[in-house]
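Everything on this sheet refers to the single structure shown next.
No value in this document is a laboratory result; all are computed from the given coordinates. All values reported here derive from a predicted model rather than from experimental measurement. Here the Cβ positions follow ideal geometry from the backbone for every residue, glycine too, while neighbour counts run over all protein chains shown.
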Amino acid sequence: MERIPSSDGAPSPLARPVTFGTDLPRAMTLASDTTASTLSGGNPRGRRLTGELPDPARLLAHANGRGEGPRSVLEQESDSENDIEFLPLTSPASGYLPRPHPEYAAPCVQELLPHEFFTEQDLVGHLRQLDESKVATATALDDLWDQRSELDPTNVINSLESYEDEPNPYTNATYEVFEVLKDGTAVRQHDKRDDSDDDILEAATVWGTIKEVNPRRNAVGRMTFLQEPSPLMLGAAHMTMAKHFDMDELFQQLVGTDGNKGKTKAFVNRAFEKDELHRRTFFFVFKYYTVVGEGLKPAPWQQYDNRPSDNRSPDHIDLAECSSILGLSLQGPHMKVVEGRNRRTRRNTRKGYVYDPFAPWHLLSIQCFPDDEHTMRGEEDDSKRFINGPYAFLDALVTEYRDAVKRYTGLNEMITKLITPPSEFMFNRKLRDKLLFEDQDFTYSRRYFWAYNTLGVINEGIKSMISAYLDTFNNDFWAGRHQTLWPHPRADSAEGRSYEFRMSSLRQDLERAVLDLHNMHAKNGRTRAEIRSLREQLFSGSSVKESRRAIEQGDNIKILTGVSMVFLPLTFVTSVFGITEFTISASDWRFPVTMVCVCVPFFIIIFILQTRGGMHAFKKCGNFLGRHLNRYLRAGSTRQHQVQHQGGQYHPSAGKRMLKRTQSGIPNGHAATTDPEKNARSPWPFLGKRRRRAGDLEVGR
């Protein structure tokens, strides 16, 4: 079956995959099609069965009921660097993705950002007026929060940037600021060549950049990236972005767990929020873990192992919590109003406000990763055209997901190296015994417990990151037809199709990153299975060793008991004959005779009880004597009760008597009589026969 390219433009290398039914025995790729050379324009490639795709890819492809999803660039664990990726399968009905109309270029934002300018006096005044009840803001600002009243408005930047007297946890802090013009190009605002020796931008330089927005009056958007920022720069961002974001809300998600439960979460469907500032802002919060870089220290509010290095084991992996915020703010009035249905009343009682995706915008990214592995924009990014705020947001989101994959890969490699036995164990017997049997410090039990549960927590974070993407961006969103999330004003026009085409590349990059997360989740699962196997082998070997040790101890106790049994009768006889009241001479014949008569039977009994047959016979004799003795005692007790009841005045002389045992085992006497006068004299005539008889017995007593 051939796919005929459209004649209104160049064929797109991107195709939309669909799900085929089970009646198709084999999937056909472009390499096997008759028009493969025309469509691909590259080297032909052999066929590949649909069943050869990795399981995570199929999971992602059908996660939302759609058969879409490109192959992962990190398919399973190792792919060749020169491997050429297949084009996704298509059907004739699906066609290609929309192409830009020849008369329309990709639309861009045309309205300019308002000019803003701030001074150090504004910064000090803003910090002093912060709400005292915002605990998360106070936590993020750290020492700056306590020094607000002591700030010097004339020299606030330089006074707070001296860290000579104490270790500086923000030595790897970097900052980037870009302004996007009407044609979509991003212009760098900060000076890339800083005066510092380690090429780290100083806070004073960055303050000089972020304190003024759109200084040349030609920008339609602004991108601000803060990597490992100091409290001073967080305070400056709080002031400069207060008009565009709810910074207290962002700081709450950054440093706390309220609302995100310590996992990655998307806050983008906010059209029905009560606060206008919330309705026009959209953000992702990323929460996961990373390995602390050498010589670096996490922020005070981040969770990490703060023990000194001399108290840690040599194989310790220094993990720390990392988090970031990626937010977008759209300016201007709302574009349209949508009505939402109340779930209880099922009526359209809520109003949602949708903002124009082509309005002026602000992008803010705050990354707190103590590993110095953040991605900086390079020269290859200078050619990108950011057509609007959502496009810039998704482009930054791709970077966040790729960085997460990179950090997760490093974590998996370090944990795998920690639990994998060295190859020398095949030749070193002592090393094998060390791996098989636990030592007194429980080294390997602690190691396997930590690695197994750490990978479990990491996998939970990966699942939340995947869900944040799949639950947010669906087909309607990528087509610009979503009701509330950045809908295109004219999605069905040529301009809308061009916009969809531009967004398709970001979609492919995002889904590739999500596939990589799926692969990493599966890889962590395999590592956990390996750890579980090693732990079971360790427990098995240690259990066998402990059982053997217990058997040896039992044998030693048996020997000790036998020796004590030899001296016990001897000690008894000598103690009796050693009493000073007895006048028995040493040559008296009674002493050796008594010694023999006591010790020899005792030794014979002990010897017999040491054998299994003797112990069995002794138990049978004991059970026989116990049964007969119990029967004799029970018969005597029954006769005694009968004698006592015969002399009781509550039993008449006439009538047949019988003894009946109750459930409690106490015999009750009942007279089988039908005397009506006896029943009339009973104080309980309305009760049954047995209950009346019991009452009569009580009266008789």
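By how many nm would the segment from residue 182 to residue 552 lengthen if fully extended, with 0.36 nm per residue of separation less the alpha-carbon distance?
Extending this stretch completely gives an extra 124.7 nm.
Could you sort out which of 351/463; 211/261; 287/523; 265/336; 182/336; 406/430 sit more than 28 Å apart by Cα distance in this structure?
As for pairs spanning more than 28 Å Cα to Cα, those are 351/463; 211/261; 406/430.
What ranking of 157, 325 emerges when the number of other C-beta atoms within 10 Å of each C-beta is taken as an exposure proxy, fewest first?
Listed from fewest to most nearby Cβ atoms, that is 157, 325.
Take peptides 576-585, 413-422 and line them up by average Cβ neighbours within 10 Å, highest first, as a rough protection proxy.
Output ranking for 576-585, 413-422: 413-422, 576-585.
In straight Cα distance, which lysines are under 25 Å from residue 558, not counting same-chain residues fewer than 8 positions off?
Cα-Cα hits under 25 Å: 545, 619, 620.
Along segment 376-393, what does the Karplus equation 6.51 cos²θ - 1.76 cosθ + 1.60 (θ = phi - 60°) give for ³J(HN,Hα), rounded to whole Hz, x for Gly and Pro?
9, 6, x, 5, 5, 7, 5, 7, 6, 10, 8, 6, 6, x, x, 5, 5, 4
Mind ordering 296-304, 221-229, 401-409 by average Cβ neighbours within 10 Å, highest first?
221-229, 401-409, 296-304
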